[in-house]
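Report on the following structure.
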């Protein structure tokens with residue numbers, strides 16, 4: 001009888017411990033779910049979109065090609081005092097074409113003059129402050145004939161954490177960039193492939209002192225490519241899952257975590273993935289003009305629509 005009570009007591013302790021672990025895991029999952037999906041833009045039928053809302057819903061679009069996954073990556077700068085949401089300091093389409101075995105990084109220049117539903121003509125970069133990521137996606141889809149439904153937003157501060165978690169990334173640095181960085185607090189910077197910390201990569205991605213927004217978006221794509229190459233070094237599914245679990249705590253997205261993991265493993269399984277980079281608008285398809293007191297890019301919409309879709313599909 002004594003032995004029975006002792007065994008029963010041990011069983012109760014084990015059950016209590018298991019319940020405690022389960023509650024902790026549920027708490028962690030709930031925290032991640034809230035962090036990822038609270039305040040995310042909903043996908044609704046186009047006729048149900050209110051373009052003047054503070055958080056605009058994403059207009060549902062039919063996929064142009066089931067083998068192509070398009071995700072809009074929005075880098076935000078919450079230091080901007082003119083908007084509680086901050087501003088979209090970078091807008092980059094990350095596209096993966098399973099059939100063609102290619103990935104595309106396409107930067108949308110924020111000074112592009114576009115029609116914004118409910119707000120008239122203005123800079124593309126203003127859409128995030130006007131109506132959040134939903135208005136940004138709807139505008140890009142309408143202007144360039146795309147089918148983006150998914151997004152990831154990340155603040156620059158959190159980008160630093162992600163890169164440091166990876167142990168830094170390698171990024172190509174030009175001679176002009178290296179000289180500029182040596183004069184501005186990075187004495188060891190040299191031309192060529194350099195390993196950058198999160199803080200250094202952020203400074204590189206934000207750098208607009210040497211040229212224009214085209215050069216700046218090129219640097220942003222180089223940073224993203226550096227992150228991709230670093231993750232590619234860790235082809236072990238367990239290691240990739242660990243990276244994803246950390247990264248999802250640093251971003252907001254409407255993509256389920258399981259789908260993120262599946263997409264990551266699809267990309268990592270590619271032996272000869274072609275990675276291409278472009279800016280939108282493309283060279284020769286725009287001109288600088290002044291509009292309502294703003295210096296903007298007047299773009300050839302049709303030319304850029306054709307060029308972008310050729311890269312993606």
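Per-structure values
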{"read-out": "Added length on full extension, which subtracts the Cα-Cα distance from 0.36 nm per residue, residue 249 to residue 157", "value": "31.8 nm"}
{"read-out": "Net lengthening on full extension, residue 273/residue 101 (0.36 nm per residue, minus Cα-Cα)", "value": "61.4 nm"}
{"read-out": "Residues residue 234 and residue 175, FRET efficiency given R0 of 22 Å [Cβ-Cβ distance, rounded to 0.05]", "value": "0.10"}
{"read-out": "Ratio Rg/Rh [Cα only; Rh per Kirkwood] for the range 205-306", "value": "1.08"}
{"read-out": "Distance in nm between pseudo-label sites at residue 210 and residue 290 (7 Å out along the Cβ direction from Cα)", "value": "3.1"}
{"read-out": "Distance between modelled label sites at residue 182 and residue 266, nm, 7 Å Cα→Cβ extension", "value": "4.5"}
{"read-out": "Spin-label model distance (nm) - residue 242 vs residue 54, 7 Å beyond Cα toward Cβ", "value": "4.1"}
{"read-out": "Cβ-derived FRET efficiency at R0 25 Å, residue 64 paired with residue 42, nearest 0.05", "value": "0.70"}
{"read-out": "All-pairs Cα distance distribution in the range 44-312, expressed in whole percent, bin size 10 Å", "value": "6, 28, 37, 23, 5, 0"}
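Where a number appears in this text, it was derived from the coordinates with a stated rule and is not lab data. Predicted, not measured: the structure shown is a model, and the values here were computed from it. Here Cβ is always computed from backbone atoms with ideal geometry, including for glycine, and neighbour counts include all displayed protein chains.
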